[in-house]
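This report refers to the structure that appears directly beneath it.
The values are calculated or read from the model by the stated rules, or taken from the named source; none is laboratory data. Computed from a predicted structure; not experimentally measured. Note that each Cβ is placed from the backbone with ideal geometry, even for glycine, and that neighbours are counted across all protein chains shown.
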Ligand code: ADP
């Protein structure tokens, strides 16, 4: 699809203006200034010029205590101070100078008035005009008189438009949207039977899952124009401008019907109106206008509104009621199959080795969004270029996943021997506890190469298939695995280090969620003690219980983590020999694979 751009003022216009100003300055103002220049000289020079008969005109300005005179050709004006010189008059007569009334012409009062009053006022008015015009331009679009016009990007169809086939995975969303495409192709089929299409469709999901892509794909498949605008673009400095932009957008859309209007980040204007003091009037007016417009056009006009948000819970109920955005299409993070498909779609753009196993990469990148997967492919391609290779290998892809998870390798970080040994034991501690427990994900890779994120090493565990549910045992094992690093340090070095801070944070978060959200404590049973807000944006939780309960929650979280820590200690004590052997191996090799790890673990045990 191609974006249609509005014409701008050509650059040459500004060059011409600057040129005219320069010419005026050079041919008019500069000569005038030069003419007004007066050379200050000493009295000796004056006397010498008088004696050499080089004077032209002379004026004795007694009130200024100065003598003003010119050379013979009257091209230069000189000035000198008056001296008590009784021979002055005679000297001047002898020199043959002409006595002049006034050599330096005083500017006429009109010119003075113009310069000191009219010019500044004109300059200020011009500046004011220019600034208002710029403000209007920013508010209303590229043309200076476009106050309150929508500056929606309009896309027209071209051969390289996005299709459903470009959006990998997300089959449910595509299925739901293909009905819209069918309707736009053939509205009469729906009219005949009296069925009406939803006016608005809300695409809901975490960032980077392909919501914008899906909206474009609908337009691409239906072969209709596509208007795209972000919610924040409606909100303006002046109250009422946003509303007028909404009006304009819908006017344009109706002219171009059938078409698709896409509003990205609709939460910027569609937030709940809760009557807060100091609320945003402009935003509310814009929202009201949007609601009115959506009510205003009859069904089956052929204008389909798609909107995207990752904060559906913050939207105003009036916006999501039937008749407005009445269909909600969830666009979730891709599952294993979806991830593999997305990787393959993006891999079409790069050259890669035949041996690349995309299903393995997809398994490693669990939890990644479509945008992150696209980024992983690109990082891998960049790495191949950096190393001077002609195609991307599996190692490139694995490394780029690690870059996304933990940052780049730190080339110049030098660990002391002791530190390196501690990190090796720490990581093997995690891996060993994970491996010795049932129901925990297999270890894929262990490394003790420091990363730019600050991690000194990490253990990558990769689940075999899709994982939708986690049992209590799995969660407990996960906490035990997280505490395994510290447990190994304590066992071997009899002391703790700061390396476990991230593990501690994660273990506590998990333990807290088990008790407050998943109902996994006997005492609280199935009572929700925390509410999660912004589930698509990290899912911050806030406690919703009394202070006594909070104290009890803290106590239970501590007990839970402690139990798992003790379990990890036990596992490591029982496998002390393997722990030493594996840590030594990792210390020497710095990076080992899951297979190497399992081989040593299973050897003669
Ligand atoms: P959102 O609007 O949900 O934040 P976008 O649609 O802007 O996300 O997606 C950003 C980028 O991520 C796209 O340009 C595309 O490269 C990639 N992407 C996301 N989801 C998919 C998908 N399902 N298939 C292919 N590419 C995807």
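The table that follows gives values for the structure above.
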| read-out | value |
| --- | --- |
| Criterion violated by residue 468 - all others in (1) surrounded by 19 or more Cβ atoms within 10 Å (Cβ to Cβ); (2) closer than 26 Å to residue 336 by Cα satisfied | (1) |
| Among residues of the stretch 142-163, those that are at pLDDT below 80, in contact with a helix residue (DSSP H, G or I) (Cβ under 6 Å, 6 or more places away or on another chain) and within 16 Å of the ligand (Cβ to nearest atom), counted | 1 |
| The stretch 431-447, residues that are free of Cβ contacts under 8 Å to residues at least 60 places away in the same chain and part of a helix (DSSP H, G or I) | 434 |
| Failed item, numbered, when residue 257 is tested on (1) away from the ligand (no atom under 16 Å from the Cβ); (2) part of a helix (DSSP H, G or I); (3) surrounded by fewer than 23 Cβ atoms within 10 Å (Cβ to Cβ) | (2) |
| Helices (runs of 4 or more DSSP H) wholly inside the stretch 517-605 containing at least 2 residues that are at pLDDT 90 or above, closer than 24 Å to residue 506 by Cα and touching a helix residue (DSSP H, G or I) at 6+ places or on another chain (Cβ under 9 Å) | 547-574, 576-589 |
| Test: residue in the stretch 313-329 that is assigned to a loop (DSSP other than H, G, I, E, B), out of contact with any helix residue (DSSP H, G or I) (no Cβ under 8 Å at 6 or more places or on another chain) and within 30 Å of residue 538 (Cβ to Cβ) | yes |
| Qualifying residue in the stretch 77-90 (condition: closer than 17 Å to residue 39 by Cβ and loosely packed, with under 12 Cβ neighbours inside 10 Å) | no |
| Candidates 419, 399 - the one that is part of a helix (DSSP H, G or I), modelled with pLDDT under 90 and more than 25 Å from residue 467 (Cβ to Cβ) | 419 |
| Subset tally (residues that are buried (at least 20 other Cβ atoms within 10 Å of the Cβ) and in contact with a strand residue (DSSP E or B) (Cβ under 8 Å, 6 or more places away or on another chain)) for the stretch 167-182 | 3 |
| Residue in the stretch 477-486 that is more than 25 Å from residue 208 (Cα to Cα) and modelled with pLDDT under 90 present | no |
| The stretch 216-235: number of residues that are farther than 15 Å from residue 183 by Cα and within 12 Å of the ligand (Cβ to nearest atom) | 3 |
| Test: residue in the stretch 193-204 that is over 22 Å from residue 170 (Cβ atoms), assigned to a loop (DSSP other than H, G, I, E, B) and within 29 Å of the chain's Cα centre (by Cα) | no |
| Extreme residue, nearest to the ligand (Cβ to nearest atom), among residues of the stretch 164-177 that are assigned to a helix (DSSP H, G or I) and farther than 14 Å from residue 328 by Cα | 166 |
| Residue in the stretch 325-337 that is crowded, with 22+ Cβ neighbours inside 10 Å and more than 16 Å from the ligand (Cβ to nearest atom) present | yes |
| Positions within the stretch 368-383 being over 16 Å from residue 350 (Cα atoms) and either touching a strand residue (DSSP E or B) at 6+ places or on another chain (Cβ under 6 Å) or not in a helix (DSSP H, G or I) (or both), in sequence order | 368, 369 |
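Residue-by-condition table, conditions (1) assigned by TED's automatic domain parsing to the domain that holds residue 217; (2) within 13 Å of the ligand (Cβ to nearest atom); (3) touching a strand residue (DSSP E or B) at 6+ places or on another chain (Cβ under 8 Å); (4) under 20 Å from residue 444 (Cβ atoms):
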site	(1), (2), (3), (4)
307	yes, yes, yes, no
313	yes, no, yes, no
322	yes, no, no, no
346	no, yes, no, no
349	no, yes, no, no
352	no, no, yes, no
357	no, no, no, yes
360	no, no, no, yes
